[in-house]
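S.K.: Input: one structure, supplied below.
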Amino acid sequence: MSIIGVALAVLLGLSLGLIYKKNSKETPSVLLEQWELAVSEEKSQVNQILMRLGKPLLSLPLIYESGAKSSYRTLQTKVLSSGAFKGRVELFLAAQGGAAIFGICTLLSVLIFNISGGLAFSLVGMSVGVIGLPWNNVSKSSNKRVGDITDGLPQFAELLLMPLQTGMTVVRSVAFTANRLEGVVAEEMRNLVNLINSNSMPEYQAFQLIATRLGTPEASSFLATLAQGHIEGAKVTKTIESQAESLRQLAYQRERGKLKKLPVKLVMIIALHVIPLLLTVMLLPALVALGSI
């Protein structure tokens, strides 16, 4: 066994133990409830394991108070808009910490047991992949959610015009529209109506929160228009009509861009899968014949 690896493992264990013992406090009950809900709804078994591994880190103020610090606002917005880890930056950081612990322990095992060759390469690759898994989950969820929002927002804006033109208030119009549609946009708009009706926060903050959760500039502009109509009583029908047209054009351009990338993706699929298979089928008989000589 490597003396350096053992020494690094001991130092790492002592450092983590001292940090945890010095800083750990009782985890807020709300955060624990969110953690349990996030684990139960997580479909990936690997992500569940990482979240369970990182659960003790939730008791560190560095984790559960991170959302209150300005340096974490960008990360918090990214996690919130992705919908991953229940939109809580604390849960993401705990899972990322669990992934880092697992990855570092795997790397140390390579040093401690002097593992070399293909097995060492596989373990190093696995540890790097595991460390990057929580962020990859956030990034993929964010990209998918942005696509769903870009596709769903034009339909919501167009349908919203119907109740607005009949004289309904903004909140009633949003509720009417959201209850007749499915998807990310409709779900967040139902959350907006619930926040306003429950008076759980100031109305302007409720609009800001939903805009952050949707996470696109177009959604922020759309929510700002709705807030102006609801709070200030401004006429927003013509503005929403113009925004609906712009949103429809944006969704069309997005689909057009995806179609333009399709030939490149097909070439990559053929190069990575079809050509090696054809070469194997063509060369295998010749190799078998040469081997029998």
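S.K.: Hey, does the stretch 119-132 have a residue that's out of contact with any Lys or Arg (no Cβ under 9 Å at 6 or more places or on another chain), within 16 Å of Ser82 (Cβ to Cβ) and surrounded by fewer than 17 Cβ atoms within 10 Å (Cβ to Cβ)?
M.R.: yes
S.K.: Tell me which residues, restricted to the stretch 107-131, are at pLDDT below 80, polar (S, T, N, Q) and part of a helix (DSSP H, G or I).
M.R.: Ser109
S.K.: Now for a separate question. Would you say Ala286 is of a type outside the set (S, T, N, Q) and under 26 Å from the mean Cα position of the chain (by Cα)?
M.R.: When the stated conditions are applied, Ala286 does not pass them.
S.K.: Take Ala244 and tell me if it is under 30 Å from Arg73 (Cβ atoms) and either in the same structural domain as Thr166 (by TED's automatic domain parsing) or of a type in the set (Ser, Thr, Tyr) (or both).
M.R.: no
S.K.: Return the residues of the stretch 174-191 that are under 20 Å from Val146 (Cα atoms) and touching a residue at least 24 places away in the same chain (Cβ under 8 Å); say none if nothing qualifies.
M.R.: Within the stretch 174-191, Leu181, Gly183, Val184, Val185, Ala186, Glu188, Met189 qualify.
S.K.: Same structure, new question: Is there any pair linking a residue in the stretch 147-171 that is of a type in the set (D, E, K, R) to one that is surrounded by fewer than 21 Cβ atoms within 10 Å (Cβ to Cβ) and not in a helix (DSSP H, G or I), with Cβ under 9 Å and at least six apart or on different chains, and which?
M.R.: So the pair list comes out as Asp148/Gly183; Asp151/Gly183.
S.K.: Taking the residues in the stretch 230-249 that are in contact (Cβ under 8 Å) with a residue 60 or more places away in the chain and more than 11 Å from Leu161 (Cβ to Cβ) as candidates, determine which candidate is surrounded by the most Cβ atoms within 10 Å (Cβ to Cβ).
M.R.: For the stretch 230-249, the residue satisfying everything is Leu247.
The values are calculated or read from the model by the stated rules, or taken from the named source; none is laboratory data. Since the structure is predicted, the reported quantities are computational estimates derived from the model, not experimental observations. As a convention, Cβ positions derive from the backbone with ideal geometry for all residues, glycine included, and neighbour counts pool all protein chains shown.
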